[in-house]
């Protein structure tokens, strides 16, 4: 079910699909992000950048969405890179050591550059 | 000071549904701020409560003991040293303290998913106690205690 406390908007930038998250990512809204990533993968795009600039909150349900897709995406030669997190959101990723598995960049542009390198 | 001497400040009841999580977080955060937690501490407690309640939402329906069990009750206690949230539910007892913490290196290596909520709770909260329902008390109590810095 759609919830107006969270939204995800996809914009393709050449071969990278950028997902812009807004609001709260929790157990209620995580299925919306899951659908959005599924849609991107269905199109055969495996370079996925997630921009957190307007995301105010994340719980473990949100972290679980990235874990659900990372293996498949990397097997296809792509990646899920994360960018532009507010300190509070980054603190949740950092608490569990997620920066060990995911590239977390300060800015979207530097994350896109990393896809090319 | 024993727990019985700590003042209860408020209680609230929420439906055990995922669309209540944002309201639950905000309730806990605002109570925390008004009772002496910093913004950062209040955020940590509200996230821990979100994780506990998300687990209830996910599992309560299959564990519920009665049709009236689909509610979560929150009680807030505090004194000058601590801020305590009690989460009451009427589903089958499940003690989060019985779940071992995951080895995150292995977790990432195996691309696992889920099971991190309890780990987050433990990382954010100073003490977690669990009191399962019994014959003369038909609800479980999860007690999350945050020390006030």
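None of the figures in this text is laboratory data; all of them are computed from the coordinates on show. Source: prediction; values computed, not measured. Cβ: placed from backbone, ideal geometry, glycine included. Neighbour counts: every protein chain shown.
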Highest mean first, how do A:83-92, B:50-59 rank when packing is the count of other Cβ atoms within 10 Å averaged over residues? B:50-59, A:83-92
Suppose we take every Cα in the protein assembly as shown and form the convex hull; what volume per residue is that in Å³? 135
For the pair residue B:6 and residue B:59, what calculated FRET efficiency results from E = 1/(1 + (r/R0)^6), where r is the Cβ-Cβ distance and R0 = 22 Å, to the nearest 0.05? 0.15
May I ask you to derive the FRET efficiency for residue A:11 and residue B:101 from their Cβ-Cβ distance with R0 = 41 Å, giving the value to the nearest 0.05? 0.60
Expressed as a whole number, the average count of other chain Cβ atoms within 10 Å around the Cβ atoms of B:41-50 is 3
Counting partner chain Cβ atoms within 10 Å of every residue's Cβ in B:105-116, what's the average? 5
Looking at the protein assembly as shown, what % of its DSSP beta bridges pair antiparallel, to the nearest 5? 70
Is the shape of the range A:6-99 best called rounded, prolate or oblate, per the rule: a/c under 1.5 gives rounded, else a/b larger than b/c gives prolate, else oblate, with a ≥ b ≥ c the square roots of the Cα gyration tensor eigenvalues? prolate
Relative packing of peptides B:77-88, A:102-113 - highest average C-beta neighbours within 10 Å first: B:77-88, A:102-113
As a test of the formula, what do you get for chain A when each DSSP H run with n ≥ 4 contributes -39,500 (n - 2.57) and the sum is divided by the residue count, at 222 nm and rounded to the nearest 500 deg cm²/dmol? -12500 deg cm²/dmol
How crowded by other chains is B:125-138, given as the mean number of beta carbons from other chains within 10 Å of each beta carbon? 0
Chain A - share of DSSP beta bridges that are antiparallel (%, nearest 5): 35
Over the Cα atoms of the range B:77-149, Rg to Rh with Kirkwood Rh, two decimal places? 1.06
Can you show me the helix-derived [θ] at 222 nm for chain B, built from DSSP H runs with n ≥ 4 at -39,500 (n - 2.57) apiece and divided by the number of residues, rounded to the nearest 500. -11500 deg cm²/dmol
Looking at the square roots a ≥ b ≥ c of the eigenvalues of the Cα gyration tensor of the range B:3-147, which shape do they give, rounded for a/c under 1.5, prolate if a/b is larger than b/c, or oblate? oblate
